[in-house]
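A quick write-up on the structure given underneath.
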Amino acid sequence: TLADLLLLVSDDVALSTNLLHIANTAYYRGADPVTSLHRAIVRLGRQGVYKAAIGVSLRGGLPSILPGYQISSEGFMRHSVAVAVLAEKLARKTPGADPDEVFTAGLLHDVGKLVVGQFLAEKQEEMSARMATGTESIEEIEFAVLSVDHCEVGDEIATRWRLPDATRVAARWHHSPENAPTPHERHLATLIHHADAVAHLMGYGTEIGELPHRHTAATQPAISVEQAELLMSSSLEAITEFSDAINGARL
């Protein structure tokens, strides 16, 4: 219950502070600002507290610069939050997906990079040579250098960490949703795929020289230019404030 949640959270000063901050972002903001932990939890609800806790936990586990990818932890979180917010908005407009589940899946879709980056850093010379050509995506370079990419590793991490199945699907198939084995998984992976593409269009996702990513234009259901523009304009404030709150969280 929310009362149980209040008792649990109130023992953690850092998390309490972070929840208050997040509850007052554009993503959750109501008519009036909340000034107490109780009101923050009521506003966020159980799922909102879960989202915030996952985001803060992910941020707390990041190095200042992700090895191999040469992306800052702040940049990684901005991209992760952008995909989460955008995917959730898409899920609310399409049947067959739980928006809260999709948000978490979007937040953790790149979890494989936390492991893969450590091994890419050991192959920096080969990576640099492939990057210089400008013809390969980061996923193609990963596979060429390591015989595995962050999508496959993300699937394994999600499985071993017992993360929600939606997170495993997003981690594995967000660059190739058409290959997901079931219709439900293809639908979920497509939402994350589109959100990832729009996040990159918005400038959330810069890494090692703006290498291209695989984004499948033929993915169905498709997202139009008009839909992408509306999605971007309606999500910008929420992405900015939520990611700022996560990046500024007490750890």
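Return the only residue of 170, 132 being at pLDDT 95 or above and either outside any helix (DSSP H, G or I) or of a type in the set (Gly, Ala, Ser) (or both).
The unique qualifying residue is 170.
Looking only at region 222-244, which residues are surrounded by fewer than 16 Cβ atoms within 10 Å (Cβ to Cβ) and either touching a residue at least 24 places away in the same chain (Cβ under 8 Å) or assigned to a helix (DSSP H, G or I) (or both)?
If the condition is that a residue be surrounded by fewer than 16 Cβ atoms within 10 Å (Cβ to Cβ) and either touching a residue at least 24 places away in the same chain (Cβ under 8 Å) or assigned to a helix (DSSP H, G or I) (or both), then 225, 226, 227, 229, 230, 233, 234, 236, 237 are the ones that fit.
Output the helices (runs of 4 or more DSSP H) that fall wholly within region 54-123 and possess 3 or more residues being in contact (Cβ under 8 Å) with a residue 40 or more places away in the chain, at positive phi and surrounded by 24 or more Cβ atoms within 10 Å (Cβ to Cβ), or say none.
Those helices (runs of 4 or more DSSP H) do not exist here; none qualify.
State which residue pairs qualify: first residue assigned to a loop (DSSP other than H, G, I, E, B) and inside region 27-46, second residue among the basic types (Lys, Arg) and surrounded by 15 or more Cβ atoms within 10 Å (Cβ to Cβ) in any location, beta carbons under 7 Å apart, and separation of 6 or more residues or different chains.
These pairs meet every condition: 28/43; 30/43; 34/43.
The values are calculated or read from the model by the stated rules, or taken from the named source; none is laboratory data. All figures in this text were calculated on a predicted structure; none of them were measured in a lab. We place every Cβ from the backbone using ideal geometry, glycine too, and count neighbours over all the protein chains shown.
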